[in-house]
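Before any comments, here is the structure.
The values are calculated or read from the model by the stated rules, or taken from the named source; none is laboratory data. None of the values given here were measured: they were computed from a predicted structure. Neighbour counts are summed over all protein chains in view; Cβ atoms, including those assigned to glycine, are modelled from backbone coordinates with ideal geometry. Please note that ligands, DNA and RNA were not included when accessible areas were found on the heavy atoms of the full protein model with its side chains. Shrake-Rupley method; radii C 1.70, N 1.55, O 1.52, S 1.80 Å.
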Amino acid sequence: MRKKKESKHRILILGASGFLGGAIYKELCSYFRTFGTYNISNKSLEKNKHFFQYNIEEDDIYEILDIVKPTIIVSALRGDFAAQFIAHKHLAEYVFSTKIKILFLSSANVFDAYSKYPSYELDKTYSNSIYGHFKIKIENMLLRLPKKQVAILRLPMVFGAQSPRVLEINQNIKEKIPVEVFPNLIMNATNDSKLTQQIHYIINRNKTGIFHLGSTDLVHHDDFIKEIIKSLELKNAIYKQVFTTNDDRYLAVIPKYNLLPKNLQLLSQEILTELEI
Ligand SMILES: NC(=O)c1ccc[n+]([C@@H]2O[C@H](COP(=O)([O-])OP(=O)(O)OC[C@H]3O[C@@H](n4cnc5c(N)ncnc54)[C@H](OP(=O)(O)O)[C@@H]3O)[C@@H](O)[C@H]2O)c1
């Protein structure tokens, strides 16, 4: 096992202190030499030699790249959009010149200007939000790299017992604050445990291209949030219905062309079942 761990990839996760970056780090660290970044000072991470403090607005990513010499970079960052764009420009140059690979966590919002249908991998991206525009800009920059060096992972909303979304629902109910639901929103979803397995597979099998890593079925946002609350056995939730349009609106990234094996695909029910445990 040890030999295997040392011979395969060196993985650098940008944003490894976050919800998804942290889950990806946990999934990969026993199989690969895995390193991560965090932004906000943290005593336990400061002592960990596999973690580097990195502020996208102040620090040069080259310094960390020079130390880690990754063969794979996973970008799971948040932060100022302009600074993120510059950092990804530097990452793209590094990926190109060293012939390594980058996995970029993108979002269903790259399609948020289309409301009438769910979106598939080969659809043209189109957004009318600042966040969606920003993700499209980085996707397009990375898609100019050689195809074998890039994986764009488009995610719908990610749920899971420790996800900020589920923690907020819990907190709101405890404090009698209304939980927002969007009755017109039709979406797909995923959770951190399936996502990290999918990423592990993409790395192991050296897969590239655009992936839609969401459930294969669609749900209404309001029904799904209510189902989550039922699964968590939380009582006395108050709901605030938010109508952003008169008609139903889709925000869904459905896998169709770049499919993962059956056991790595998911139905939204699995997200609920996992929350029950
Ligand atoms: N969660 C979802 O439902 C979802 C859905 C679609 C796409 N995504 C994408 O997935 C990625 C990760 O999302 P997440 O939910 O895991 O986010 P998160 O929990 O907020 O984690 C963000 C990470 O970025 C770091 N970060 C924040 N500001 C920074 C800065 N100025 N400089 C350097 N690092 C900074 C954070 O460090 P600290 O911990 O030190 O603050 C943390 O490690 C994002 O790109 C997001 O767009 C997420």
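Length, then width, then depth: along the principal axes, the Cα atoms of the stretch 124-219 run 51, 33, 22 Å. The label-point distance for residue 44 and residue 161, in a model that sets each label 7 Å from Cα toward Cβ, rounds to 1.6 nm. Computed over protein heavy atoms with a 1.4 Å probe, the accessible surface of the stretch 178-255 works out to 44 Å² per residue.
So which GluC sites (Glu not before Pro) in the stretch 103-193 are both in a DSSP loop and have at most 15 other Cβ atoms within 10 Å of their Cβ? Taking the stretch 103-193 and a limit of 15 other Cβ atoms within 10 Å, the loop GluC sites (Glu not before Pro) found are 175. Using C-alpha pairs below 8 Å separated by at least 6 residues, the relative contact order for the chain is 18 percent. Overall, the stretch 134-257 carries a charge dipole of about 660 debye about its Cα centre when +1 sits on the Cβ of Lys and Arg and -1 on the Cβ of Asp and Glu, all other atoms neutral. Applying 1/(1 + (r/R0)^6) with r as the Cβ-Cβ distance of residue 96 and residue 59 and R0 = 25 angstrom yields a FRET efficiency of 0.75. For residue 9, the accessible surface of its heavy atoms amounts to roughly 40 Å² (probe 1.4 Å, protein chains only, rounded to the nearest 10). Restricting attention to the stretch 119-277, close to 10% of DSSP beta bridges with both partner residues there are antiparallel.
With Cβ to Cβ distances under 10 Å as the rule, what net charge do the other residues near residue 129 carry (K, R +1; D, E -1)? All intermediate terms of the calculation are to be shown ahead of the outcome.
Values: positive: 135; negative: 112.
Around residue 129, the surrounding residues sum to 0.
Considering only the Cα atoms of the stretch 1-146, their convex hull presents on average a projected area of 9.7 nm². Note on the stretch 187-274: dipole from Cβ charges, positive end direction compared against 195, 229, 218; the farthest Cα belongs to 195. Any chance you could give the angle, 0 to 90 degrees and rounded to 10, that helix 192-204 forms with the longest Cα principal axis of the chain? Rounded to the nearest ten degrees, it is 30.
With θ taken as phi - 60° and the Karplus curve 6.51 cos²θ - 1.76 cosθ + 1.60 applied, the whole-hertz 3J(HN,Hα) list for the stretch 90-100 is 5, 4, 4, 5, 5, 4, 5, 6, 9, 6, 9 Hz, x standing for glycine and proline. Applying the Karplus relation 6.51 cos²θ - 1.76 cosθ + 1.60 with θ = phi - 60° to the stretch 126-138 yields 3J(HN,Hα) values of 6, 9, 10, 10, 5, 5, x, 4, 5, 5, 4, 4, 6 Hz, where x marks Gly and Pro. Return the single residue from 231, 41, 17 with maximal mean-square fluctuation; model: Gaussian network over the chain, springs between Cα atoms under 10 Å. Comparing 231, 41, 17 in a Gaussian network model of the chain, the most mobile one is 41. Full extension of the chain between residue 80 and residue 235 yields a length gain of 52.1 nm, computed as 0.36 nm times the residue separation minus the alpha carbon distance. Shown is the FRET efficiency for residue 245 and residue 130, computed with R0 = 22 Å from the Cβ-Cβ distance and rounded to the nearest 0.05: 0.75. Stokes-Einstein diffusion for the chain, with the hydrodynamic radius set to the Kirkwood value over Cα pairs and evaluated at 4 °C in a medium of 1.567 mPa s, equals 66 µm²/s. The 3J(HN,Hα) values that the Karplus relation (6.51, -1.76, 1.60; θ = phi - 60°) gives for the stretch 69-74 are, in residue order, 6, x, 9, 9, 10, 10 Hz. Gly and Pro appear as x. Placing a pseudo-label 7 Å from each Cα along the Cα-to-Cβ vector at residue 117 and residue 30 gives an inter-label distance of 4.3 nm. Straight-distance candidates among the lysines for linking to residue 230, with alpha-carbon spacing under 27 Å and chain neighbours fewer than 8 residues away dropped: 174, 176, 194, 240. With all protein chains present, how much of the accessible area of the chain (probe radius 1.4 Å) comes from carbon and sulfur, to the nearest whole percent? C and S atoms contribute 52 percent here. Rounded to the nearest 5, the antiparallel percentage of DSSP beta bridges internal to the chain is 5%. Across the stretch 84-209, the mean sequence separation of Cα contacts (distance under 8 Å, 6 or more residues apart), normalised by length, yields a relative contact order of 27 percent.
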